[in-house]
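Every number in this text was worked out from the coordinates using simple rules, so none of it is lab data. Keep in mind the model is a prediction, meaning the values are calculated, not measured. Glycine gets a Cβ as well: all are built from the backbone with ideal geometry, and neighbour counts include every protein chain shown.
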Amino acid sequence: MQLGLAGWSINRRFRRAEAPLQLLDYPRVAKEEWGFEAIELNSPFFASQESAYLDELKRNADAAGVALWGMAVDGTGSLCTADGAERAANIAACKAYLPIGKHLGLSYIRFNTGGNVQPDEAEIERCADSFQQLAQAGESLGIMVCIENHGGLSQTPEPIVAVMERVNSPFCRTLPDFGNFAAEIRYDALSKVVPYAAACHAKFWEFDAHGHDTKIDTGRIRNIFQECNFDGRLAIEFEGPGDDGEGVRLSKALLERVFV
């Protein structure tokens, strides 16, 4: 299992009013503060999409000895909407990130599905069509497009699986998150989407005196991953209310004990 850091773990640093962390410094911080050799990026934290900026980000990552795994993209609209013109515009907005991913050498980009929690057949079909178009564009650049369990249509596993089966492409995969499914369905739902995973978000919130997350049964998740033959990338996504530096450290230590 390979461990990396998802940028959302330290989103408060990127978003703080005074002296916010710059994305260009993120690879160095991930390496110096926690020893990570891989990171995931987030689209809202890019100060520019110009080639010179992307080149500098890549140089900084290379200098720090940090691999750029992928990117979580937000703000591109619903890929399930029944408004044809709107959906076409949203697909185009997603596609615009694929050349950025290619420039940075990313292997996957996550796009949000949008849509309803209980989608009907037509909505699932529209979502599948959107991801089919994105997968075809991604294949031409060698980048996988991913669905995370991240609200809307993707809030339950069955619509995600339906989209995966309809698109049926190695360039359309899932990015399962440990914590985003509702607690009552979490483990069964993960067992349904992990078989399609390109990578995973290892989400944690808070830890007890023994270093275990109080909301997540990490050992149970490890067993699910083993049963699904997943032995890939885990990007830590700490979302607790406490100090993010300590939260990331405890998250990494827990995964190293249980998974690695």
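Descriptive notes on the structure:
- The phi-based Karplus calculation (6.51 cos²θ - 1.76 cosθ + 1.60; θ = phi - 60°) puts the 3J(HN,Hα) values of the stretch 111-127 at 10, 7, 6, x, x, 9, 5, 10, x, 8, 4, 5, 5, 4, 5, 5, 5 Hz, whole numbers, x for Gly and Pro.
- Electrostatic tally near ARG87: other residues with Cβ closer than 13 Å to its Cβ, Lys and Arg +1, Asp and Glu -1, net -3.
- Remark: for residue pairs LYS102/LYS252; LYS215/LYS252; LYS58/LYS102; LYS31/LYS203, the C-alpha separation exceeds 23 Å in LYS102/LYS252.
- Taken about its Cα centre, the chain carries a charge dipole of about 440 debye when Lys and Arg each add +1 at the Cβ and Asp and Glu each add -1 at the Cβ.
- Positive-end residue of SER130, ILE185, VAL248, charge dipole of the chain with Cβ unit charges: VAL248
- Taking 0.36 nm per residue of sequence separation and removing the Cα-Cα distance, the ALA52/ASN168 pair yields an extension gain of 38.2 nm.
- Amide H contacts of GLY4 (H built 1.01 Å from N, under 5 Å, at least 5 apart or other chain): LEU234, ALA235, ILE236
- Note on the chain: helix-only mean residue ellipticity at 222 nm, from DSSP H runs of 4+ residues weighted -39500 (n - 2.57) and normalised by residue number, equals -13500 deg cm²/dmol.
- At the listed q of 0.13, 0.21 Å⁻¹, the Debye profile of the stretch 45-183, built from one uniform point per Cα, gives log10 I(q)/I(0) equal to -0.55, -1.24.
- The chain: equivalent-ellipsoid semi-axes (sqrt of 5 x gyration tensor eigenvalues, Cα, Å): 27, 24, 16
- Burial order of peptide ranges 42-54, 109-121 (average beta-carbon count within 10 Å, highest first): 109-121, 42-54
- Cut-off 15 Å (backbone N to label point 7 Å along Cα→Cβ of THR214), residues of the stretch 234-253: 239-243, 247
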